[in-house]
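Below you'll find the structure, written out as structure tokens, and then a few comments.
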Amino acid sequence: MPLTISTSVTSATGPTLDSPSRLAQLAQSQGTPAPSGSSIVGLTIPVIRSDQTALQFETRNHGSEFRFNTGTLRLSLRQEIHLSSDLSECARNVWLLHEQKHVRDNTNIMSRMESELRSDSQFAAILVNPTWAPRSQFQAAQHTVQERVGAIFMRLSTAAVQALDTAQEYADTERQVRERCTDS
């Protein structure tokens, strides 16, 4: 099947200034706990969407079976940066640099999505090497595509966050705040 996967990335929004309690709520809703011994002062929230409207399918047996046979799966990423309103302007600027590393990591993940999706057995069975399925499973197949896109992006994004958000990274960022910001 000539499947095309296209990706686009919208520039990150923000930073949005939030109270520390709101940041904690956002982090908890994203499954991002506060680093050990610290509080959350910034958060980047990636949102990936998949648009399946350009995928085409064929039917057989009087429309009782289907399979996807061509088209484009469009993936788009938008990201929101949130920073603590309790930080000084200087400290916000330093922490913004840290959050922009997350934006960069998530943007880089988008370039890996096609190969990751094509190697995923559930995704491949629907769009890469499609098999015939009962027409009654059409919506379930679309849901599985959406779920696999989200799960794969989340796995890659979580690994990138864990690789970046180390104790050393936080110590270095805090050191930069102390060195650069007289108003903190």
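Tabulated values for the structure
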{"quantity": "Single residue of the stretch 11-34 satisfying the filter (within 23 Å of Gln162 (Cβ to Cβ) and polar (S, T, N, Q)) that is surrounded by the most Cβ atoms within 10 Å (Cβ to Cβ)", "calculated": "Thr32"}
{"quantity": "When residues of the stretch 119-158 are limited to those that are more than 29 Å from Ile81 (Cα to Cα) and aliphatic (A, V, I, L, M), the one surrounded by the most Cβ atoms within 10 Å (Cβ to Cβ)", "calculated": "Leu127"}
{"quantity": "Unique residue being surrounded by fewer than 14 Cβ atoms within 10 Å (Cβ to Cβ), hydroxyl-bearing (Ser, Thr, Tyr) and either closer than 30 Å to Ala171 by Cβ or modelled with pLDDT under 95 (or both) when the list is Ser8, Ser38, Ser64", "calculated": "Ser38"}
{"quantity": "Sole exception among (1) basic (Lys, Arg); (2) surrounded by fewer than 17 Cβ atoms within 10 Å (Cβ to Cβ); (3) touching a residue at least 60 places away in the same chain (Cβ under 8 Å) for Arg74, by number", "calculated": "(2)"}
{"quantity": "Test: residue in the stretch 95-113 that is over 26 Å from the mean Cα position of the chain (by Cα) and either under 30 Å from Leu17 (Cβ atoms) or at pLDDT 95 or above (or both)", "calculated": "no"}
{"quantity": "Counted residues, the stretch 77-95 - those being under 26 Å from Met154 (Cα atoms) and surrounded by fewer than 19 Cβ atoms within 10 Å (Cβ to Cβ)", "calculated": "2"}
{"quantity": "Top-ranked residue in the stretch 155-181 [being of a type in the set (Val, Ile, Thr) and in a helix (DSSP H, G or I); ranked as farthest from Asp105 (Cα to Cα)]", "calculated": "Val177"}
{"quantity": "The stretch 124-153 residues that are under 24 Å from Ile109 (Cα atoms) and at pLDDT below 95, paired with ones that are among the aromatic types (Phe, Trp, Tyr) and part of a helix (DSSP H, G or I) (beta carbon under 6 Å, 6 or more apart)", "calculated": "none"}
{"quantity": "Given (1) assigned to a loop (DSSP other than H, G, I, E, B); (2) surrounded by 15 or more Cβ atoms within 10 Å (Cβ to Cβ), number of the condition Glu116 does not satisfy", "calculated": "(1)"}
{"quantity": "Count of the stretch 82-100 residues which are basic (Lys, Arg) and not in a helix (DSSP H, G or I)", "calculated": "0"}
{"quantity": "Meets criteria (within 23 Å of the chain's Cα centre (by Cα), assigned to a helix (DSSP H, G or I) and either modelled with pLDDT of 95 or more or under 22 Å from Ser11 (Cα atoms) (or both)) for Thr53", "calculated": "no"}
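The values are calculated or read from the model by the stated rules, or taken from the named source; none is laboratory data. Just so we're clear, the structure is a prediction, and the values are computed from it rather than from any experiment. Positions of Cβ are backbone-derived with ideal geometry, glycine not excepted, and every protein chain shown enters the neighbour counts.
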